[in-house]
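Heads up, the thing below is written out as structure tokens.
What follows is calculated from the coordinates using simple rules that are stated; it is not laboratory data. Remember, it's a predicted structure, so these values are computed and weren't measured experimentally. Neighbour counts are summed over all protein chains in view; Cβ atoms, including those assigned to glycine, are modelled from backbone coordinates with ideal geometry.
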Amino acid sequence: MSYCLYYQAHIRQSHCWFFVAALRSFEHVAFDRTFNVDESVFEFFVPPTMEPFFLEFMEYFKQQGIVSELKQLKNRLEQ
């Protein structure tokens, strides 16, 4: 079985709604979920073929000051 790539990032709380809407407007790029509500940390499950587009998308929002601390981690669902 193949697993998605796994990322976490801090999303500026006042812009979460906009960020999520923008990401979801591009189908199949990533599945997003709030990992830590209090700290506004999101997790993203990204298909390997969509990683270049996902990283480009995230870089744009980093430049806008909405995304910070983007990091790739081991997929927490893998056992």
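With bins 10 Å wide beginning at 0, the percent of Cα pairs of the range 5-73 falling in each bin runs 21, 63, 16, 0. Think of each Lys and Arg Cβ as +1 and each Asp and Glu Cβ as -1; about the Cα centre, that makes the dipole of the range 5-73 roughly 80 debye. Note down the relative contact order for the chain as a percent, whole number, built from C-alpha pairs under 8 angstrom at least six residues apart. It rounds to 46 percent for the chain.
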